[in-house]
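Here's the structure we're looking at; comments come further down.
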Amino acid sequence: MIAILHEGNAQKTADNRLIKLLIEDLKLDEKKVRFFGLGSKSNFFKQDIDAYKELLVDIQEEIISKVLFVVDADYEKNDKNYGGFENTLREIISIRKKLNLYKISDLYITCDFDTKNGYLESLILSSIPKEQKECIETFLDCSEFKSKENDKAILNQIYNNAYPNAPYDFSSDKFDILKQKLKNLFKGTE
């Protein structure tokens, strides 16, 4: 088995949904995955959380052989320690080493890869055609939503309502790195 660690809970979150849809799109076997929802991003950097304890036991018992960390970049201006692509990268590499997972794990940081900031919704927004992206961004600007969490939820809802039949364009090159990381994760599990 393999493990995928992501923000939110292990059941119904946007992160989990996107990963499961992408696994399905790649025709990989979701039954070979154990999902670990770590809650908030800050939990990724706490060595003693229950999810890591469970994961390490599963690895020790040879139930899990590979791990993928999927975490949002967020914004450095909001969190000087863990926000932004570079800080997230540095800290996830550090926790992988502290947990002795570096050799069997990989990481994927969700963001808008043009700006290196943001979260899952930023990745999704960056994958749609320019006209659709501008329309959604204009609405968000006009609506004057102040809260980051509201912004993420609103963006996700707008996107899913506007494009219900094709929620994600996995043919976009914006998903290429994540697709490759998932394929690598499943290698040897056939």
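The values are calculated or read from the model by the stated rules, or taken from the named source; none is laboratory data. On a predicted model such as this, the values are computed, not experimentally measured, just so you know. Cβ: placed from backbone, ideal geometry, glycine included. Neighbour counts: every protein chain shown. Areas reflect the complete protein model, heavy atoms only, side chains present, ligands, DNA and RNA absent. Shrake-Rupley method; radii C 1.70, N 1.55, O 1.52, S 1.80 Å.
Multiply the residue separation of Asp169 and Ser40 by 0.36 nm, subtract the distance between their alpha-carbon atoms, and state the gained length in nm to one decimal. Please list the in-between numbers first.
Values: separation 129, 0.36 × 129 = 46.44 nm, distance 2.62 nm.
Extra length available between Asp169 and Ser40 comes to 43.8 nm.
What number comes out for the charge environment of Val57, summing +1 per Lys or Arg and -1 per Asp or Glu over other residues with Cβ under 13 Å away? Mind showing how you got there, number by number?
Numbers: positive: Arg34, Lys53; negative: Asp50, Glu54, Asp58, Glu61, Glu62.
Summing Lys/Arg as +1 and Asp/Glu as -1 gives -3.
Can you send over the carbon and sulfur percentage of the accessible area for the chain, probe radius 1.4 Å, protein chains only?
Its accessible area is 48 percent carbon and sulfur atoms.
Which residue, Cys111, Val57, Ser122, has the largest displacement toward the positive end of the dipole of the chain when charges sit on each Cβ (Lys, Arg +1; Asp, Glu -1)?
Val57
Can you give me the relative contact order of the chain as a percent, contacts being Cα pairs under 8 Å and 6 or more apart?
Values: 240 pairs, mean separation 39.6, N = 190.
21 percent.
Test of the criteria: in the stretch 1-99, which chymotrypsin sites (Phe, Trp or Tyr not before Pro) are in a DSSP loop and have at most 14 other Cβ atoms within 10 angstrom of their Cβ? Don't skip to the end; give the middle numbers.
Details: sites: Phe35, Phe36, Phe44, Phe45, Tyr52, Phe69, Tyr75, Tyr82, Phe85; in loops: Tyr75, Tyr82.
Answer by residue number: there is no such site.
Rounded to the nearest 5, what % of DSSP beta bridges with both residues in the chain are antiparallel?
Working: 3 of 19 bridges.
Once the DSSP bridges in the chain are tallied, antiparallel ones form about 15 percent.
When ligands, DNA and RNA are left out and all protein chains stay put, how many square angstrom of accessible area per residue does the chain have with a 1.4 Å probe? Working shown, then result.
Numbers: 10210 Å² over 190 residues.
Computed with neighbouring chains in place, this is 54 Å² per residue.
Mind checking the angle between helix 176-186 and the chain's longest principal axis? C-alpha axes, 0 to 90 degrees, to the nearest 10.
20
What GluC sites (Glu not before Pro) in the stretch 54-84 are in a loop by DSSP, with at most 14 other Cβ atoms within 10 Å of the Cβ?
Working: sites: Glu54, Glu61, Glu62, Glu76; in loops: Glu61, Glu62, Glu76.
Passing sites in the stretch 54-84 are Glu61, Glu62.
Multiply the residue separation of Thr189 and Asp50 by 0.36 nm, subtract the distance between their alpha-carbon atoms, and state the gained length in nm to one decimal.
On the way: separation 139, 0.36 × 139 = 50.04 nm, distance 2.57 nm.
Gain on extension, Thr189 to Asp50, equals 47.5 nm.
About its Cα centre, what dipole magnitude does the chain give when the only charges are +1 on Lys and Arg Cβ and -1 on Asp and Glu Cβ, stated in debye to the nearest 20? Kindly include the intermediate steps, with their values, before the conclusion.
Details: 29 positive and 33 negative charges, 124 e Å.
So the magnitude is around 600 debye.
Binning at 10 angstrom from zero up to the longest distance, how are the C-alpha pair distances of the stretch 43-88 distributed in percent?
25, 38, 27, 9, 0
List the residues whose amide H sits under 5 Å from the amide H of Gly8, counting only those 5 or more places along or on another chain, with H placed 1.01 Å from N in the peptide plane.
For Gly8, whose amide H was placed from the backbone, the distant partners under 5 Å are Leu38, Gly39, Ser40.
Excluding the sites themselves, what is the longest stretch of the chain that contains no trypsin sites (Lys or Arg not before Pro) in a DSSP loop with at most 14 other C-beta atoms within 10 Å? List each step's numbers first, then the result.
Numbers: sites that count: Lys12, Lys27, Lys46, Lys77, Lys80, Lys146, Lys187.
Within the chain, the longest run free of exposed trypsin sites (Lys or Arg not before Pro) spans 81-145.
Among Thr138, Ala14, Asn81, whose Cα lies farthest out toward the positive end of the dipole of the chain, if unit charges sit on the beta carbon of Lys, Arg (+1) and Asp, Glu (-1)?
Comparing the listed Cα positions along the dipole, Asn81 ranks first.
Quick check on the stretch 2-86: take the gyration tensor over C-alpha atoms, sort the square-rooted eigenvalues as a ≥ b ≥ c, and tell me if it's rounded (a/c under 1.5), prolate or oblate.
On the way: a/c = 2.26, a/b = 1.29, b/c = 1.76.
Verdict is oblate for the stretch 2-86.
Go through the stretch 50-56 residue by residue and turn each phi into a ³J(HN,Hα) via Karplus (6.51, -1.76, 1.60, θ = phi - 60°); whole Hz please, and just put x for glycine and proline.
Whole-Hz 3J(HN,Hα) from phi for the stretch 50-56: 4, 4, 5, 4, 4, 4, 5.
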